[in-house]
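Next up is a structure, given as structure tokens.
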Amino acid sequence: MVRWWAGDAAVPSTMLLAAMATWAVISGCMTAESCLLAAVGRTCVQGLLSVIAAAVNLAISIVLVQRIGAVGVITGTILSYLFVLVVPQSLIVTNVLRESQPGPLMTKQRSVTASQVPAVSQ
């Protein structure tokens, strides 16, 4: 399809397509984790890690693009996010999920009768 639309020079290599597919999976997982952290107000560390990952990404991508071409850019992105963002953010998410697990006192549901509900004054 790309060959028909843009010509032979624009056809990505199999390695580039595989790297882009890998990045799509990583990005999808990290987006889900980011949404969870935003929902519970835990974005400070995530923001700092993202800035560091972007700087590492730039450095690695510059080196790799000179050595292996276009695949180097996406490889730099994958490596920087795996080492700088995925592991720490996943640990934070694991801790958030553990904190939200109900303890033994929270498992029993209590029924409330109408007489126990405080009256609302107008």
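Computed from the coordinates by the stated procedures, all read-outs in this text should not be read as laboratory data. Note that the coordinates shown come from a computational prediction; the quantities given were computed from them, not determined experimentally. With ideal geometry, Cβ positions are generated from the backbone for all residues, glycine too; neighbour counts draw on all protein chains shown.
Determine the shape class of segment 10-101: with a ≥ b ≥ c the square roots of the Cα gyration tensor eigenvalues, call it rounded for a/c under 1.5, and otherwise prolate if a/b is greater than b/c, oblate otherwise.
Cα axes put segment 10-101 in the prolate bin.
Please report the relative contact order for segment 10-101, taking Cα pairs under 8 Å with a sequence separation of at least 6, and give it as a percent rounded to a whole number.
In percent, rounded to a whole number, it is 32.
What is the packing order of peptides 75-84, 43-52, taking the mean over residues of other C-beta atoms within 10 Å and listing the highest first?
Answer by packing, highest mean first, reads 75-84, 43-52.
On to the next question. Test of understanding: what is the full-extension gain from T22 to A39, defined as 0.36 nm times their sequence separation minus their Cα-Cα distance?
Length difference between fully extended and current span is 3.5 nm.
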